[in-house]
1. Kindly indicate whether ASN476 is open to solvent by 40 Å² or more (accessible area, probe 1.4 Å), in contact (Cβ under 8 Å) with a residue 40 or more places away in the chain, under 19 Å from GLU412 (Cβ atoms) and assigned to a helix (DSSP H, G or I).
2. Take ASP117 and tell me if it is free of Cβ contacts under 8 Å to residues at least 24 places away in the same chain and either open to solvent by 10 Å² or more (accessible area, probe 1.4 Å) or of a type in the set (Asp, Glu) (or both).
3. Answer yes or no as to whether ALA316 is out of contact with any His (no Cβ under 7 Å at 6 or more places or on another chain), small (Gly, Ala, Ser) and crowded, with 22+ Cβ neighbours inside 10 Å.
4. Return the only residue of ALA406, ALA357 being more than 23 Å from TYR470 (Cβ to Cβ) and surrounded by fewer than 17 Cβ atoms within 10 Å (Cβ to Cβ).
5. Being closer than 28 Å to TYR424 by Cα, open to solvent by 30 Å² or more (accessible area, probe 1.4 Å) and in contact (Cβ under 8 Å) with a residue 12 or more places away in the chain is the filter here; which residues of region 363-383 pass it?
6. Of the residues THR337, THR282, THR366, THR302, only one is assigned to a loop (DSSP other than H, G, I, E, B), at pLDDT 85 or above and either within 19 Å of the chain's Cα centre (by Cα) or not hydrophobic (A, V, I, L, M, F, W, C) (or both); which?
7. Tell me whether region 464-475 contains one or more residues that are touching a Cys at 6+ places or on another chain (Cβ under 6 Å) and not acidic (Asp, Glu).
8. Could you give every pair whose Cβ atoms fall below 6 Å, whose first residue belongs to region 420-435 and is under 15 Å from ASN478 (Cβ atoms) and modelled with pLDDT of 80 or more, and whose second residue is open to solvent by 10 Å² or more (accessible area, probe 1.4 Å) and not in a loop (DSSP other than H, G, I, E, B), counting only separations of at least 6 or pairs across chains?
Amino acid sequence: MRPGNSNLNSNPQFNTGFDYSKFIKPDWKHAASYTRFNAGVLELPIDPSSPAIGTALSISPHGNALYNPKYSRSSFLILNDSTGYHAYIMTIIADSAYVNNDLSILGRNKYNERDVDFSGVALYSTPDGNFVNGWIYKNGNIVLALPPGQKQSSGAAANTNTAITRSATKKSRFANHTLMLEIETCYTWYQTTTVNGVTSDPVVLDETCYTTYIDDTGGGTGSSGSTGVSGSSGSSGGSAPAPVPIPPCIVPAASPSAAALPGNRNMIRVVQTTGSGFPAPTSTTTAAPCPTKTTTTTQIDTIGSLMKNPNSLTAAQKAQIQAVLNQILQNCIGQATFNYFNSNNDKFDFEVNSAIAEPASYNPTTNVINIQNPATVTPAALQEELFHAYQNKTMPGGTAQYAGKAGDANIEFEAKLLRDITYYINPGTVGNEWAVSGDNYTEWLGTITNGGTSFPTSFTSSQLTTYFLYMGDWLNQNPGYSSDIINGNLNPTVMFNLINSSACSN
């Protein structure tokens, strides 16, 4: 195990990726020796002469991390049991809320020691980068196991159903039941490793799914079975009935505990560990606690919480739009927009109108989002209209005051720019048609997003000037908006307010 000069992996595969042995080495002077799970253990920190290393976990191959690399810490484990010696890299990635700006708290979590309220991830891999196993914790409880080998051994396994979207991180399917409409949404978990500021390509660890059922008889919401998705961001929503029976576990089940999911959903898992420390990497030392997916029950109906009139859509239309909203909620802008409406109890309605020219539109006067066809509307189109609704709710006097007047161009371009920024940073989410064609515009997107790594929280005076120049280019390139008028004093304040109130700015 020694550091080397090899490049970071450029061809990511399923369950195999970053070769730690080429970059880091153990600090033998500070090894801890003890016995655990009937195995001798040597736990060694990384030698301080090794390069700085961080690990992130996300549900988008190039999107914002649910678990941030700056809250990660890796160490070497050498286990000696009846089958021989086994070497692992153990990586702890703490939840930002658990760390609470105190990185020293990471030192309290080791293989044989764990804070009773630890929230985060424990990942095991071999030193050469093969993923072994992982667990996600919330408030000291295991809420999700990440066993390897759940899908075919290729990164392409991340998504095979493109009926709803080309996303590499989510797929949806519909199946008609007698009284229920079923939507299955799957998230793929990605790991990236950063060494001295250079980040490896994403490695696929596992895929977890949940199912939403919508009553097909009256537009109500049924319960859903969740196969476990957990994250460090998003707020809890809905109520949770008693969990369905789960398979036998190595340890007794404890009291149910709720965990936040991407997209502000709830799930329940009851599998817990006992005592201190983290589970063993593999069954060579002891059987892992429930290393398989289990099914639980919860309420999922985020689209319903936005609708003023629950009968404005049929159950099938509602299910189709819900599937698109599920994807929008995977990015921080979509989450922040939904959170605003949900927390302020702001509701509007969705109506299907095949006569409109655009895939979707928002009317600030009637407070209605019109959908041309729920089966084909894209996340980009719907997210743009949700932002228009957010503009109308948060701008002094609303946006209707600018209709046909100076400023209507600003309202439109601000929404399109935020859409482009979102999908520039998350390129695997959906296909793009940029607001302004040409390499100069996409290069500018790269500049204001630090190469697609962060959302801008403000503009310099030079960037603001460029913003208005591209607004003019957008008008020239889109005859349908030729009558719109630019207001040189109306800056993209709403966009920055949303970014700064969201997880995007973290």
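1. no
2. Judged against the criteria, ASP117 is a match.
3. no
4. One residue alone meets the criteria, ALA357.
5. Result: PRO364, GLN372, ASN373, ALA375, THR376, THR378.
6. THR366
7. No, that holds for no residue.
8. Close Cβ pairs satisfying both conditions: ALA435/LYS416.
The values are calculated or read from the model by the stated rules, or taken from the named source; none is laboratory data. Bear in mind the structure is a predicted one, so any value in this text is a computation, not a measurement. Please note: Cβ atoms are built from the backbone with ideal geometry, for glycine as well, and neighbour counts cover all protein chains shown. Surface areas here come from the heavy atoms of the whole protein model, side chains and all, with no ligands, DNA or RNA. Shrake-Rupley method; radii C 1.70, N 1.55, O 1.52, S 1.80 Å.
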